[in-house]
Each structure stands twice: as C-alpha cells, then as structure tokens.
1. May I ask you to list the residues in segment 7-22 that are over 26 Å from residue 92 (Cα atoms) and touching a helix residue (DSSP H, G or I) at 6+ places or on another chain (Cβ under 7 Å)?
2. Restricting the search to segment 124-139, which residues are surrounded by fewer than 21 Cβ atoms within 10 Å (Cβ to Cβ) and not hydrophobic (A, V, I, L, M, F, W, C)?
3. Which pairs have Cβ atoms under 6 Å, sit 6 or more apart or on different chains, and link a residue in segment 8-24 that is over 17 Å from residue 120 (Cβ atoms) to one that is polar (S, T, N, Q) and surrounded by fewer than 14 Cβ atoms within 10 Å (Cβ to Cβ)?
4. Mind telling me which of the residues 164, 142 ends up being closer than 27 Å to residue 43 by Cα and either touching a residue at least 60 places away in the same chain (Cβ under 8 Å) or surrounded by 16 or more Cβ atoms within 10 Å (Cβ to Cβ) (or both)?
5. Consider residue 169 against the criteria (1) of a type outside the set (Lys, Arg); (2) modelled with pLDDT of 95 or more; (3) within 30 Å of residue 241 (Cα to Cα): it satisfies all of them except one. Which criterion is unmet?
6. I'm trying to understand the selection: among the residues of segment 178-189, which are touching a helix residue (DSSP H, G or I) at 6+ places or on another chain (Cβ under 9 Å) and farther than 20 Å from residue 233 by Cβ?
7. Tell me, which residue of segment 138-158 that is in a loop (DSSP other than H, G, I, E, B) and modelled with pLDDT of 95 or more is nearest to residue 188 (Cα to Cα)?
8. Would you check if residue 250 is within 19 Å of residue 155 (Cα to Cα) and modelled with pLDDT of 95 or more?
Amino acid sequence: MLILLPPSEGKTAARRGKSLDLESLSSPVLTPTREKLLEALTTLCRDDPDRASAVLGLGPAQHDLVVRNAALDTAPTARADTIYTGVLYDALGFATLSSAARRRATSRLAVTSSLFGVVRPGDRIPAYRLSGDATLPGVGSVAGAWREVLGEAVTEGMGTGLLVDLRSSTYAAFWRPRKDLARRVATVRVLHESNGRRTVVSHFNKATKGRIVRALLEDGADPRTPKALADALTRLGWTVEVGEPTAKGTQLDVVVTEIHTS
C-alpha cells in the first residue's frame, strides 16, 4: 500500500544539517525535473525578489520566504516528516507514532511536493515555498512539469498494492492514475453530516485524513483493494461509503457527525 499525501503550505525550517543532495532522495527518476525546478526557483528568488513574491503569491511581510528560497541549494535539511507541518501532519503525529508504525510510514507514505515531485518521510529536504498552482519563468506551470514524469515514481511506489490517494485537487493535477491502475486506486473524501446535510470542511477534512493515516499505520492494515480499505476503516471506527469504480479509481466517503480539529 502507498498512501499519497498532500504537502503542507507551512513548513518548519531545519536549524542545522547538511545541505540538499538531490541524488540522495528517493525516486531518482525525478532528479532531472527536481534540478530544473530548483534552479528556476532559486534563480528567480535571487535575481528578482519582487517578481518572486508575485509568482509565489506572497505579501510584503513574507519576504523572508523569498530569501529562504534563494538559498535552498545550501540551506540545512531535515527529514521530510519533520519539515512538513500543519493540520494533517499534526493529526498524523509522526513523532509520537509507535516504532512499528514509524517503520510502516517509511515504506507506505509519500508526500506530493511542488519542488521534489514526491518525497518519502526519511528524505532530507530544506523548507521551501512553492505552491502547486505556481508558474515559474523558463519552466511553466509546476503541475505541467511533473505531469509527464511523476507517474513512474508513483507506480513504482505502489508496486502491486493499493494506492490511497489523499491529495487535494491542486496536487492531484500533477498526475492522474492510468485506467489500468484504477482498480487499485482509492481516493478518500471526508464529509461532515449535520441535520441531514453533508459538507466538506477544509480544516476538519485535513485533520481527519491525518487521523486516518495514523490509525492505519498503527493498526498495520495493508488492504489490497478499495473495498478492503473501506472494511479496514470501518473496523477502526469510521463510517465509510464506497462509491462505484471509475476509470480514475474508487472514491470512499468517510462520513462524520462531530468535528474534531486536533
């Protein structure tokens, strides 16, 4: 099983550590695209900070993020599971996983990244700022840069198992599964039900997905089909509705009636 996570906009910068070594990252097939995007981003932030702020959607008070991006090739790195922060990652709680769950996380989790394509929890990366909908000079859209190459890395990570796709729509645009993989792809949507109405609450959606991933890692379940994943989540206490299989996979709706944000 491969669980594909979205990145977090917020990141915790490493205070010390060796600088970025692209050759050391998992999925080496992505190295050429990583090099291209890293050079485009650092060059933009070094040479034209004002334009960089506009491209990255940053305000005047966020100039430090442009400065940080300009030095990504020499900045200290840390494990990706300590760099990414935010609602989903707080709920997942890498640091407090059991030893067995942390081992499973190493092999079963991958984070979609605008700059690196996908990274594993143990990959050492710097904190960066680059949104999935950005367009970089000389490269074009970030999503377009990854669209042709990301599939090989993801399918290799899947092996013969199930892909649990938890990406947001922005990062889903980086790569979409081939039709022949659809029977082994499950997407998860979290719905809040109140007074007979169902809605998607963004913050709560992220927190619930983090808790789902944590529960799967701690439990050790390794479902091979979307239906088996639904059965595992049901056993772990969630209410799950299984959609009809499509050419893109099978959607699982996790329906909750109480909002917990932590």
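1. 22
2. Hits for segment 124-139 are 124, 131, 133, 135, 137, 138.
3. 19/74
4. Selected residue: 142, the only one of 164, 142 that is closer than 27 Å to residue 43 by Cα and either touching a residue at least 60 places away in the same chain (Cβ under 8 Å) or surrounded by 16 or more Cβ atoms within 10 Å (Cβ to Cβ) (or both).
5. (2)
6. 178, 181
7. 149
8. Values: within 19 Å of residue 155 (Cα to Cα): yes; modelled with pLDDT of 95 or more: yes.
Yes.
The values are calculated or read from the model by the stated rules, or taken from the named source; none is laboratory data. Bear in mind that the values here come from a model prediction, so they are computed numbers and not experimental data. Here the Cβ is made from the backbone with ideal geometry for all residues, glycine too, and neighbour counts use every protein chain on show.
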